[in-house]
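Participant: Take a look at the following structure, please.
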Amino acid sequence: MFEVAVLETFAAGHSLRNYKGACENIHGHNYRVEIVFAGEQLDETGLLVDFIDVRDVLRQAIAYLDHQFINDRPPFDVLNPSAENMAKYFHDEMRKGMQAGMMKVPVRIQSVKVWETDTCTAVYRP
Ligand SMILES: [Zn+2]
């Protein structure tokens, strides 16, 4: 089994609804997002996925939230912008962005991890 990961960072603000504590107030995070891909075969170049292709998809998903108030950006105008829900969002955006021609061998998204701080993370595994 091979695993490949891409990691990007961005800054944004949010507040948690239905939450009693500091995180119900508007505040910001320097988020980190890591998407791990897995598969058993490599292509003729020896790659599982092309970093450049998947990084572009991740960067587009991030550009939508970067330096924004996340609660204003659908689906987070309804869905609470927790690290858990954001991990699922990045998974869904990556799935949509992985075009048929992009993957030359069978690849699946193994996990998506979102860091809100250096010590607090949430993982979504499809
Ligand atoms: Zn927060």
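Participant: With all protein chains present, how much of the accessible area of the chain (probe radius 1.4 Å) comes from carbon and sulfur, to the nearest whole percent?
Facilitator: Working: 3480 of 7140 Å².
For the chain, the apolar C and S fraction of the accessible surface comes to 49 percent.
Participant: Continuing with the same structure: What is the total of Lys pairs in the chain with C-alpha atoms under 21 Å apart, excluding same-chain pairs fewer than 8 positions apart? Don't skip to the end; give the middle numbers.
Facilitator: Numbers: Lys88/Lys96; Lys88/Lys113; Lys96/Lys104; Lys96/Lys113.
Going through the chain pair by pair, I get 4.
Participant: Summing +1 for each Lys or Arg and -1 for each Asp or Glu, what net charge is found among the other residues whose Cβ lies under 11 Å from the Cβ of Val36? Intermediate values should be presented prior to the final figure.
Facilitator: Working: positive: Arg108, Lys113, Arg125; negative: Glu3, Glu34.
Computed value for this residue: +1.
Participant: How much net charge surrounds Met102 when only the other residues with a Cβ under 10 Å from the Cβ of Met102 are counted, with Lys and Arg +1 and Asp and Glu -1? Intermediate results must be reported in sequence, preceding the final value.
Facilitator: Working: positive: Lys104; negative: Asp50, Asp53, Asp56.
Here the count lands on -2.
Participant: Would you mind counting up the charge near Ala87? Only other residues with Cβ under 14 Å from its Cβ, with Lys and Arg at +1 and Asp and Glu at -1. Intermediate results must be reported in sequence, preceding the final value.
Facilitator: Working: positive: Arg32, Lys88, Arg95, Lys113, Arg125; negative: Glu8, Glu34, Glu84, Asp92, Glu93, Glu116.
Local net charge: -1.
Participant: Return one number: the angle in degrees, 0 to 90 and rounded to the nearest 10, between the long axis of the Cα atoms of helix 51-63 and the longest principal axis of the Cα atoms of the chain.
Facilitator: So the helix axis and the longest Cα principal axis differ by about 20 degrees.
Participant: How big is the charge dipole of the stretch 1-99 about its Cα centre, in debye rounded to the nearest 20, if each Lys and Arg gets +1 on its Cβ and each Asp and Glu gets -1 on its Cβ? Intermediate values should be presented prior to the final figure.
Facilitator: Working: 9 positive and 16 negative charges, 113 e Å.
My answer is approximately 540 debye.
Participant: Specify which residue in the list Val105, Thr117, Ala83 is farthest towards the positive end of the charge dipole of the stretch 81-126, using unit charges on the beta carbon of Lys, Arg (+1) and Asp, Glu (-1), about the Cα centre.
Facilitator: So the residue furthest toward the plus end is Val105.
Participant: For the chain, would you read off the P(r) tail past 23 Å as a percentage of all alpha carbon pairs?
Facilitator: Details: 2516 of 7875 pairs.
Tail of the P(r) past 23 Å holds 32 percent of the pairs.
Participant: In whole Hz, what ³J(HN,Hα) sequence does the stretch 15-28 give by Karplus (6.51, -1.76, 1.60; θ = phi - 60°), x for Gly and Pro?
Facilitator: So the J values, rounded to whole Hz, are 9, 8, 7, 6, 9, 9, x, 4, 6, 7, 7, 5, 7, x.
Participant: If Tyr19, Tyr31 are ordered by their accessible area, calculated over protein heavy atoms with a 1.4 Å probe, which sequence runs from highest to lowest? Walk me through the intermediate numbers first.
Facilitator: Numbers: Tyr19 100, Tyr31 0 Å².
Heavy-atom accessible area, descending, gives Tyr19, Tyr31.
Participant: Send over a whole-number figure in Å² for the accessible area per residue of the chain, probe 1.4 Å. Mind showing how you got there, number by number?
Facilitator: On the way: 7140 Å² over 126 residues.
Accessible surface, normalised per residue, equals 57 Å².
Participant: Just reorder Val4, Val112 by solvent-accessible area, largest first, 1.4 Å probe, all chains present. Numbers along the way, then the final one.
Facilitator: Values: Val4 25, Val112 0 Å².
The most accessible residue leads, giving Val4, Val112.
Participant: Same structure again: Calculate the FRET efficiency for Lys20 and Tyr64 from the Cβ-Cβ distance with a Förster distance of 41 Å, rounded to the nearest 0.05. Walk me through the intermediate numbers first.
Facilitator: Working: r = 29 Å, r/R0 = 0.71.
For R0 = 41 Å, the calculated efficiency reads 0.90.
The values are calculated or read from the model by the stated rules, or taken from the named source; none is laboratory data. Keep in mind that what you see is a predicted model, and the values were worked out from it rather than measured. A quick note on method: Cβ atoms are made from the backbone with ideal geometry, for glycine too, and the neighbour counts reach across all protein chains shown. These accessible areas exclude ligands, DNA and RNA; they are computed on the full protein's heavy atoms, side chains included. Shrake-Rupley method; radii C 1.70, N 1.55, O 1.52, S 1.80 Å.
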